[in-house]
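Novice: Got a structure for you, questions after.
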Amino acid sequence: MILLSDDDLKQKLFPYSKIECARFKGMTPGNFIDQKTIDGPVTLQAEQAYQFLLRHISQGSSYEGVYRKDRWEYPIIALREVIRNAIIHRDYALTGKDIKIAVFDDKIEITSPGNLLPTVDFSQMESGQSDIRNKVLAPVFKKLGIIEQWGNGLKLISDELKEYPEIKFQWTQPGMSFRATFLRTNDKEEEETESKKPDSAVDNSTLRTIADDRDRLRPITTDYDRLDVEEEKILIYLLDNDKITRKIAVGLLDYGETKTKEIINGLLNKHLLERKGKGRGTHYVLKNKGAEKI
């Protein structure tokens with residue numbers, strides 16, 4: 001149960017029970033754009049790693065009639081399940097090895113210590129397979145709601161991959177590790193298409209990445225690493241606009257009023273937003289916008 005705590009004993013007995021996250025520039029390891037070490041209780045690691053990924057992949061929007069439809073460039077449900085599996089099923093007995101999440105321009109790699117259990121076949125993900133390496137840890141994750149039901153994770157991955165034909169899912173076992181790779185196969189086609197467009201046809205807003213947005217947030221807050229994706233959306237909106245109302249925020253985030261109010265209150269508590277006006281005239285502005293560097 002030491003792994004579930006944030007006690008010093010955990011760092012002493014399991015110093016590698018952590019996740020190293022990195023966003024690299026280009027398609028191979030080398031220059032970092034961003035990196036983060038997640039070494040708290042293992043029950044919190046999955047969400048923190050998931051949020052790191054969301055900050056470094058793009059989300060596009062399209063409209064079907066009056067309804068907006070958002071789509072991430074990678075299958076985020078599948079990514080979430082692979083992260084959970086990496087934490088639950090990794091081999092904690094292997095010393096000197098931690099979980100590694102690497103984001104490149106063309107792929108995402110998630111590497112976990114320990115080979116795949118011989119009773120699990122990743123090539124048959126729809127068959128509802130289930131086996132447990134860590135028989136104490138897995139039931140705790142299930143009770144906390146981090147995992148849903150036995151054998152459901154691989155099927156969730158398989159089902160969402162069907163909605164992403166441009167993503168090639170690969171798995172390998174380098175040394176005593178298991179690696180899942182989500183490879184974008186349409187990058188070359190997109191580059192060729194974009195190269196044929198005149199400069200005037202390229203919308204600069206579509207070229208902005210999450211990493212670019214984070215650079216814009218740096219003058220506003222020093223703890224942007226702890227921002228949720230939804231909070232970042234509101235802050236980015238306010239970098240380009242003077243104010244935001246709760247109604248606009250609801251449409252921006254595509255959440256209900258209660259959830260949107262919680263997110264706005266979180267930003268108020270972090271002293272990043274300031275409330276202005278009263279009643280129907282209530283709106284919110286950036287508290288430190290004057291410090292933004294153009």
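No value in this document is a laboratory result; all are computed from the given coordinates. Everything quoted here is computed from the prediction, not taken from an experiment. Don't worry about glycine lacking a Cβ; one is built from the backbone with ideal geometry, like all the others, and counts go over all protein chains shown.
Novice: Given the peptides 103-112, 79-88, 238-247, arrange them by the average over their residues of other C-beta atoms within 10 Å, most packed first. Write out the running numbers ahead of the final one.
Specialist: Numbers: 103-112: 20.1, 79-88: 22.6, 238-247: 13.7.
Most protected by this proxy first, the peptides run 79-88, 103-112, 238-247.
Novice: Continuing with the same structure: If you rank His89, His271, His283 by fewest surrounding Cβ atoms within 10 Å, what's the result? Write out the running numbers ahead of the final one.
Specialist: On the way: His89 21, His271 10, His283 18.
Going from sparsest to densest Cβ surroundings: His271, His283, His89.
Novice: Sticking with this structure for a sec: Modelling each spin label as a point 7 Å along the Cα-to-Cβ direction, I'd like the Arg226/Glu163 distance in nm, to one decimal.
Specialist: 3.2
Novice: Next up: Highest mean first, what order results for 263-270, 179-186 on Cβ atoms within 10 Å?
Specialist: Working: 263-270: 15.8, 179-186: 17.5.
Descending mean neighbour count gives 179-186, 263-270.
Novice: What list do you get for Glu73, Glu64, Glu231 if you sort them by fewest beta carbons within 10 Å? All intermediate terms of the calculation are to be shown ahead of the outcome.
Specialist: On the way: Glu73 17, Glu64 7, Glu231 21.
Fewest-to-most ranking of Glu73, Glu64, Glu231: Glu64, Glu73, Glu231.
Novice: What's the FRET efficiency of Gln173 with Leu268 using the Cβ-Cβ distance as r and R₀ = 35 Å, to the nearest 0.05? Walk me through the numbers before you get to the answer.
Specialist: Working: r = 48 Å, r/R0 = 1.37.
Step by step, r from the Cβ atoms, then E = 0.15.
Novice: A 27 angstrom limit on the alpha carbon distance is what I want to check against. Which of Lys69/Lys247; Lys168/Lys259; Lys25/Lys100 exceed it? Spell out each step's value before the answer.
Specialist: Numbers: Lys69/Lys247 18 Å; Lys168/Lys259 34 Å; Lys25/Lys100 16 Å.
From the list (Lys69/Lys247; Lys168/Lys259; Lys25/Lys100), the Cα-Cα distance tops 27 Å for Lys168/Lys259.
Novice: If neighbour count is taken as other Cβ atoms inside 10 Å, put Leu54, Leu154 in order from fewest to most.
Specialist: Details: Leu54 19, Leu154 22.
Taking fewest neighbouring Cβ atoms as first place, the list is Leu54, Leu154.
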